[in-house]
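In what follows, a structure is listed as structure tokens, so that the remarks can point back to it.
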Amino acid sequence: VQRLPYRGVLLDWTQAGAPPPSEFEARIAPSLERWTAEGVKSCMFKLPIENAGLASVAAQHGFVFHHVPLDADGRHVVLKRWLQPRLTDKVPPFATHQVGIAGLCISDTGKLLVVREWRGDAESGTRRPSA
């Protein structure tokens, strides 16, 4: 289980094999209950086409199709379920583009402002200005 930004979880079965349907059916409800109790807001599955039958089991537990990743060549889908009914579902629909902005701030003493964000350098989580 991969923890996502903004209190989500992702189960990626494109890398590690998906469980058999009987095992998935037995584990999905307790897992959803645990994640909901932990305050997890959303759960997503990356499901390979070879395991498409698991989508019907997931649908019985409230999952919906979210998107087919552009780099998947139609070989897998992502299913999503919002876990916190008292909160508004803030998971955006699948992005069709990315917008970037840039700026540079240097203090009077020569200090450079570095912005921390959820993507960037894997070790520090920061981005530095580039040319």
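The values are calculated or read from the model by the stated rules, or taken from the named source; none is laboratory data. Nothing here was measured: the structure is a model prediction, and the numbers come from that model. With ideal geometry, Cβ positions are generated from the backbone for all residues, glycine too; neighbour counts draw on all protein chains shown. Just the protein is used for accessible areas: all its heavy atoms, side chains included, with ligands, DNA and RNA removed. Shrake-Rupley method; radii C 1.70, N 1.55, O 1.52, S 1.80 Å.
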(request) Name the residues whose placed amide hydrogens come within less than 5 Å of the amide hydrogen of VAL9, ignoring near sequence neighbours (fewer than 5 apart) on the same chain. (result) LEU4, SER42, CYS43, MET44
(request) Calculate, for the stretch 1-95, the solvent-accessible area per residue in square angstrom, rolling a 1.4 angstrom probe over the heavy atoms of the protein chains. (result) 61 Å²
(request) Sum up the charges of everything whose Cβ sits under 14 Å from the Cβ of ARG3, counting Lys and Arg as +1 and Asp and Glu as -1, but leave ARG3 out. (result) +1
(message) Considering only protein heavy atoms and a probe of 1.4 Å, how much of the accessible area of the stretch 1-75 is carbon and sulfur, as a whole percent?
(response) 55 percent
